[in-house]
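Written out below as structure tokens is the structure these notes cover.
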């Protein structure tokens, strides 16, 4: 895997509508002053550039919200600013999240011309009834058209699907997977429906599939995508070799990144250790702060050794390759057995949940099915 060790995340907090399962910092609005927001994001990038001078950027990720609602010229200006403020890798990965609506699909060529090299499409389902249940604004036909159009424009393409919906069976999910594999270019993300507190689904007491059904659907996904040459490299992400998302690998392996925009989080390592940054979540309050002060940082917190360990373990064990010893040592200053109780590691290995060897620590197939419980055991 090729992982970027320093990246930039830019958060666009606006959507056309709020999906009932979504607990991200996203807001449905009718109008956004694109020029004003572009100026604010450029100002905050300049602020962080002054604090990270000389770091080489390997990845740039536009997330949200729906960042493809930004004007292509704004995307171009932000990419140009990153290239101006920092040295960038020759193979800089620039990802933009988008939806398959006709409006956004018509803008794909503009985003590519702006410098986007990797598109991530929120397909979520190829079934119209499921799309309606999930509150999506596009149809199955629009999803297919968007995938076909994007596949002919962007050198790298990914899309998301959600499974374990109420009433979903292995047969219905297999049909979704077959369609996904027909259009997959190199990367697919498969997320189990999770009812997050405070969302409309939680308030309506919507229930997803039960645990045994979810496990069966997860295992079906693993078999189908592995057979198609797209094995899982992370608990929810599948890719052909070389198509892994470098920016997300940055998160999962404990690299540094700038978080720019409302509610964005960042991790920056310096003389005080690793600093966790968090930007003001409210879009209006963030915008006012940036226009007044040049940035909208709500808090910067130095992570203690235990907090840093917890992050590295929780993120790293999501990867199929798990915790690499050298990477863990470089990020934490400790050997794995110094940071995690050796007896707990050995017990989970004896029970078949983990492999502990000279490479590091990683979850077995059995362990990935019970990953949250395994991590809780390690971090007690």
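The values are calculated or read from the model by the stated rules, or taken from the named source; none is laboratory data. Everything quoted here is computed from the prediction, not taken from an experiment. Glycine gets a Cβ as well: all are built from the backbone with ideal geometry, and neighbour counts include every protein chain shown.
Restricting to region 364-380, name every residue that is part of a helix (DSSP H, G or I) and out of contact with any helix residue (DSSP H, G or I) (no Cβ under 7 Å at 6 or more places or on another chain).
Scanning region 364-380 gives 365, 366, 368, 371, 372, 373, 376.
Take the residues in region 21-32 that are more than 19 Å from the chain's Cα centre (by Cα) and in a loop (DSSP other than H, G, I, E, B), then tell me which one is surrounded by the most Cβ atoms within 10 Å (Cβ to Cβ).
Across region 21-32, the extreme among qualifying residues is 32.
Which residues, counting only those in region 186-212, are without any contact (Cβ under 8 Å) to a residue 40 or more places away in the chain and on the phi < 0 side of the Ramachandran plot?
202, 203, 210, 211, 212
Out of the residues in region 150-162 that are buried (at least 18 other Cβ atoms within 10 Å of the Cβ) and either at pLDDT below 95 or touching a helix residue (DSSP H, G or I) at 6+ places or on another chain (Cβ under 7 Å) (or both), which is farthest from residue 107 (Cα to Cα)?
161
Provide a single number: the residues in region 9-18 that are part of a loop (DSSP other than H, G, I, E, B) and either closer than 27 Å to residue 250 by Cα or not assigned by TED's automatic domain parsing to the domain that holds residue 103 (or both).
1
Failed condition for residue 201, given (1) exposed (fewer than 14 other Cβ atoms within 10 Å of the Cβ); (2) modelled with pLDDT under 95; (3) within 22 Å of the chain's Cα centre (by Cα), with all others met?
Tallying (1) exposed (fewer than 14 other Cβ atoms within 10 Å of the Cβ); (2) modelled with pLDDT under 95; (3) within 22 Å of the chain's Cα centre (by Cα), residue 201 fails exactly one: (1).
I need a count of the residues in region 97-119 that are over 24 Å from residue 47 (Cβ atoms) and in a helix (DSSP H, G or I).
10
From the residues in region 209-248 that are over 22 Å from the mean Cα position of the chain (by Cα) and in a loop (DSSP other than H, G, I, E, B), which one is surrounded by the fewest Cβ atoms within 10 Å (Cβ to Cβ)?
Residue satisfying both the conditions and the ranking: 210.
Does any residue of region 86-96 turn out to be part of a loop (DSSP other than H, G, I, E, B) and either modelled with pLDDT of 95 or more or in contact with a helix residue (DSSP H, G or I) (Cβ under 7 Å, 6 or more places away or on another chain) (or both)?
There is at least one residue in region 86-96 that is part of a loop (DSSP other than H, G, I, E, B) and either modelled with pLDDT of 95 or more or in contact with a helix residue (DSSP H, G or I) (Cβ under 7 Å, 6 or more places away or on another chain) (or both).
Within region 162-181, which residues are more than 12 Å from residue 220 (Cα to Cα) and assigned to a helix (DSSP H, G or I)?
Matches in region 162-181: 179, 180, 181.
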